[in-house]
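Single-structure report; data block below.
The values are calculated or read from the model by the stated rules, or taken from the named source; none is laboratory data. Not measured: the values here are computed from a predicted model. Counting neighbours? That spans all protein chains shown, and the Cβs are built from the backbone with ideal geometry, glycine included. Heads up: the accessible areas ignore ligands, DNA and RNA and are worked out on the full protein's heavy atoms, side chains in. Shrake-Rupley method; radii C 1.70, N 1.55, O 1.52, S 1.80 Å.
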Amino acid sequence: QVQLVESGGGLVQAGGSLRLSCAASGLTISSRAMGWFRQAPGKEHEFVAALSSSGDNIYYANSVKGRFTISRDNAKNTVYLQMNSLKPEDTAVYYCAERMYTLPSIQPIGYDYWGQGTQVTVSS
């Protein structure tokens, strides 16, 4: 059974940092692209960041470029999202997702498995 489990969310003041983790089980992520998405109340899933299986191809949403960093540790079967200089508009539930292809996608429909999400709240 494939599972993606996010952790690391919480409440932080504007300007602060959080590091999200996504631990995978039931599959090996080393040959798969991984992505992070977020969903604020009343809004659609929004692309945040994604990287290829090799880590050579990395995409960021313009809204997080320069502040967020996606990375992966294939030995730990885990993907990370380092979030710095957080803003109130970053408040959302953050989801990691797995894609059976090696190259990433910015579209939610391109992903096959999703985690349950972790809440990130940024206060002003």
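Would you be able to tell me the number of residues in the stretch 75-84 that are buried (at least 16 other Cβ atoms within 10 Å of the Cβ) and either part of a loop (DSSP other than H, G, I, E, B) or more than 14 Å from the chain's Cα centre (by Cα) (or both)?
1
In the stretch 103-115, how many residues are open to solvent by less than 80 Å² (accessible area, probe 1.4 Å) and either touching a Leu at 6+ places or on another chain (Cβ under 7 Å) or of a type in the set (Val, Ile, Thr) (or both)?
Selection size over the stretch 103-115: 2.
Does at least one position in the stretch 85-102 carry a residue that is among the acidic types (Asp, Glu), part of a loop (DSSP other than H, G, I, E, B) and either under 19 Å from Ser124 (Cβ atoms) or open to solvent by 10 Å² or more (accessible area, probe 1.4 Å) (or both)?
Looking for residues that are among the acidic types (Asp, Glu), part of a loop (DSSP other than H, G, I, E, B) and either under 19 Å from Ser124 (Cβ atoms) or open to solvent by 10 Å² or more (accessible area, probe 1.4 Å) (or both), one finds none in the stretch 85-102, hence no.
Tally the residues that are part of a strand (DSSP E or B) and open to solvent by less than 50 Å² (accessible area, probe 1.4 Å), restricting the search to the stretch 26-43.
Residues meeting the conditions: 6.
If I filter the stretch 53-67 for residues that are in contact with a Lys or Arg (Cβ under 6 Å, 6 or more places away or on another chain), in contact (Cβ under 8 Å) with a residue 12 or more places away in the chain, of a type in the set (A, V, I, L, M, F, W, C) and open to solvent by less than 20 Å² (accessible area, probe 1.4 Å), do I get at least one hit?
No.
Quickly run through the stretch 1-16 and pick out the residues that are in a loop (DSSP other than H, G, I, E, B) and open to solvent by less than 60 Å² (accessible area, probe 1.4 Å).
Within the stretch 1-16, Val2, Gly8, Gly9, Ala14, Gly15, Gly16 meet the criteria.
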